[in-house]
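Just below is one structure, and these are the notes that go with it.
Every number here is computed from the coordinates shown, using simple stated rules; none is lab data. What you see is a predicted model; the values in this text were computed from it and never measured. Here the Cβ positions follow ideal geometry from the backbone for every residue, glycine too, while neighbour counts run over all protein chains shown.
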Amino acid sequence: MSTEQKKANVIKANYKLQQKVGSGPLDEKAVMECQKVIETNEVDFGPIGVAILDKLAAALERAKDPSVTMQEIKTILTAPIMELKANAGIFGYALIGNLANIMLSFLEAILVLDNDAIEIVKAHHKSLHMILVRGMKGDGGEAGKHLEQELRQACDRYYHKKFGKEANKA
């Protein structure tokens, strides 16, 4: 098995949660009430997002420690990015969710966190911080499209340099 191939780890499903909550269609009224809460949410995501970005910065610092394995590095870096992706949309920051998704794909695909990869993650961190500070809600319009395109291109340049090919993951 080459270093680029990984054996899939199959995890058997646990149905305890389904047994607790049941199965079948959700109550439409409950779904509508939840949607209303999301749409009328007035919580300022900025401080929450910045706190999550602080975790990402700390993870980047920890990743420099030579005793940390690549698997640990991926775990500590992906956790705050997944947290951003999961929460940003609820608070109206679709662009942050989109950029986090691209970064998760990038981190999943790389084999080593070298200096080039670290620079891409740092640029991602800086971009997300700017989005939060400026309160760029939604998809960010043209600027948001440009940020997404730049991140994808940075990932593609990295893949091309390291693997000699363009990536279709990011």
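For this structure, a couple of remarks:
A quick yes/no check of all residues on (1) more than 20 Å from L60 (Cβ to Cβ); (2) in a loop (DSSP other than H, G, I, E, B); (3) without any contact (Cβ under 8 Å) to a residue 24 or more places away in the chain:
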position	(1), (2), (3)
G89	yes, no, yes
G97	yes, no, yes
M136	yes, yes, no
D139	yes, yes, no
E148	yes, no, no
Q153	yes, no, yes
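- Selection of region 102-120 for residues being crowded, with 17+ Cβ neighbours inside 10 Å and under 11 Å from the mean Cα position of the chain (by Cα) yields I102, M103, L104, F106, L107.
- Test: residue in region 44-65 that is more than 17 Å from the chain's Cα centre (by Cα), farther than 20 Å from A86 by Cβ, outside any helix (DSSP H, G or I) and of a type outside the set (K, R): yes
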